[in-house]
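Below you'll find the structure, written out as structure tokens, and then a few comments.
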Amino acid sequence: MSTLHYLRRLLLFVSALGSVAILIQSLLSLQPQHTYKKSNLQAQQPETHNNDKESFRPIDAAFVDSKFDHLKAIIRTQKRLTRYWSQVDQMMKHRRPVMHSNSLRLHSPSGRNYSNADLLKLGNDGLAVPNVAHFVLPFGNSELKFHHRVCLLSCVWLMRPRLLFLWYEKPPTGQHWEAVQRNLSESGLWESTVVFARRDVPSAIYGLPVHKMEHKSDLMRLEAVLQFGGAYFDLDVITLRPLTSLRRFNFTIGRQSVDGLCNGVFLAAPNSSFLVLWHLAYQVFDQFKWSALSVNLPHHMCASEAFRHLCHVEEDSMDQPTWNRMDLIYKRPRKWPWQRRNYVMHLWYRFHPVQYNMSSIRSVDSMLGDMFRFVLFGNDSVIR
């Protein structure tokens with residue numbers, strides 16, 4: 001054969017090798033929409049953004065001072081918020097939040113301690129609200145239930161937070177807690193993502209006694225997000241799609257009723273001016289006014305001209321269907337388009353008397369069953 005013929009064959013061989021390499025690289029780069037492991041949704045890489053900032057801005061003291069009288073005016077004019085409405089000027093002396101965090105310990109599952117600055121940096125991905133999730137674990141009976149497990153895992157696999165804060169007084173227990181730990185360990189997220197935040201449950205706020213468990217939890221969630229930013233979730237809030245678009249606002253909350261916003265799930269930047277002022281309102285905390293400062297006050301703040309620009313209210317994508325329409329969640333027929341409407345859904349589970357498990361949830365013929373199967377199996381259909 002001629003030299004020219006050998007050269008042509010050599011060029012064809014090299015070209016074929018290049019095509020095979022390109023094909024292999026393309027196949028390796030393909031990412032499935034959902035990947036599964038042991039019947040649980042698994043991690044996809046979190047969305048990244050400009051990360052030039054190393055820490056978040058401090059409290060905007062000048063702004064808070066300028067709006068403090070507006071806050072007091074709302075409390076005085078909305079007398080249902082507190083029996084102390086006529087004593088607002090005498091009682092509201094603090095213009096900066098007072099949080100009792102002497103008992104606070106932040107640590108990894110293996111016991112490695114974190115500083116506040118460490119965690120602020122780790123959670124920051126350049127958006128107004130860091131990619132961080134907070135749950136307050138049960139501090140009465142510490143045993144996790146099945147729906148707690150599903151809601152925790154839904155947050156991890158749908159929101160994909162950089163940090164998952166678990167606030168507790170005593171460690172959680174039970175088979176469903178063990179399942180959460182096993183799932184995150186097998187996925188490589190247990191040590192890298194989970195932050196245990198141990199603190200005493202508050203018994204007072206600004207010198208006023210706090211007795212009810214619900215009010216204590218209200219304070220813990222408010223102070224958690226105030227310090228570190230991120231999204232707070234009740235343990236009966238299921239995450240259904242990423243919250244990235246909501247994290248561009250400094251404060252986001254959902255609507256519970258005509259005159260109430262729901263603190264069962266909300267998002268905020270660290271030291272958000274709205275959260276600072278909301279916390280300062282607890283200087284007139286009235287333990288006999290159920291949900292007044294936690295639900296009704298944020299509604300009045302967001303509706304006022306002084307604070308409207310600080311709030312982004314999601315009218316139906318976070319807390320709807322609400323507690324008085326629970327039949328849409330727990331019964332047939334399915335009339336709520338959760339797949340396209342909800343970022344999260346508050347399940348109001350304390351009003352539902354039935355506990356499920358990994359076996360029984362397969363055949364639960366309701367929207368709740370659909371959502372749980374979507375999280376656990378990646379398929380919302382009833383499994384016969």
- Note on the structure: Of (1) of a type outside the set (D, E, K, R); (2) within 23 Å of residue 170 (Cβ to Cβ); (3) crowded, with 20+ Cβ neighbours inside 10 Å, residue 201 fails just (3)
- Query: Does residue 228 qualify as being buried (at least 23 other Cβ atoms within 10 Å of the Cβ) and within 25 Å of residue 345 (Cα to Cα)?
  - Reply: yes
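Do the conditions hold for residue 191, that is, is it at pLDDT 95 or above, loosely packed, with under 13 Cβ neighbours inside 10 Å and in a helix (DSSP H, G or I)?
Numbers: at pLDDT 95 or above: yes; loosely packed, with under 13 Cβ neighbours inside 10 Å: yes; in a helix (DSSP H, G or I): yes.
Considered against the rule, which asks whether it is at pLDDT 95 or above, loosely packed, with under 13 Cβ neighbours inside 10 Å and in a helix (DSSP H, G or I), residue 191 comes out as yes.
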- Message: Out of 222, 184, 158, I need the residue that is crowded, with 23+ Cβ neighbours inside 10 Å and in a helix (DSSP H, G or I). Which one?
- Response: 222
- Query: How many residues does the stretch 243-272 contain that are among the hydroxyl-bearing types (Ser, Thr, Tyr) and open to solvent by less than 10 Å² (accessible area, probe 1.4 Å)?
  - Reply: 2
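When you scan the stretch 268-384 for helices (runs of 4 or more DSSP H) that lie fully inside it, which ones turn up with 2 or more residues that are out of contact with any helix residue (DSSP H, G or I) (no Cβ under 7 Å at 6 or more places or on another chain)?
Details: elements: 273-280, 297-303, 327-330, 338-341, 367-377.
Once the helices (runs of 4 or more DSSP H) in the stretch 268-384 are filtered for at least 2 residues that are out of contact with any helix residue (DSSP H, G or I) (no Cβ under 7 Å at 6 or more places or on another chain), what remains is 297-303, 338-341, 367-377.
The values are calculated or read from the model by the stated rules, or taken from the named source; none is laboratory data. Here the structure is a predicted model, which means the values were calculated and not measured. Don't worry about glycine lacking a Cβ; one is built from the backbone with ideal geometry, like all the others, and counts go over all protein chains shown. Calculation scope for accessible area: heavy atoms of the full protein, side chains included, ligands and nucleic acids excluded. Shrake-Rupley method; radii C 1.70, N 1.55, O 1.52, S 1.80 Å.
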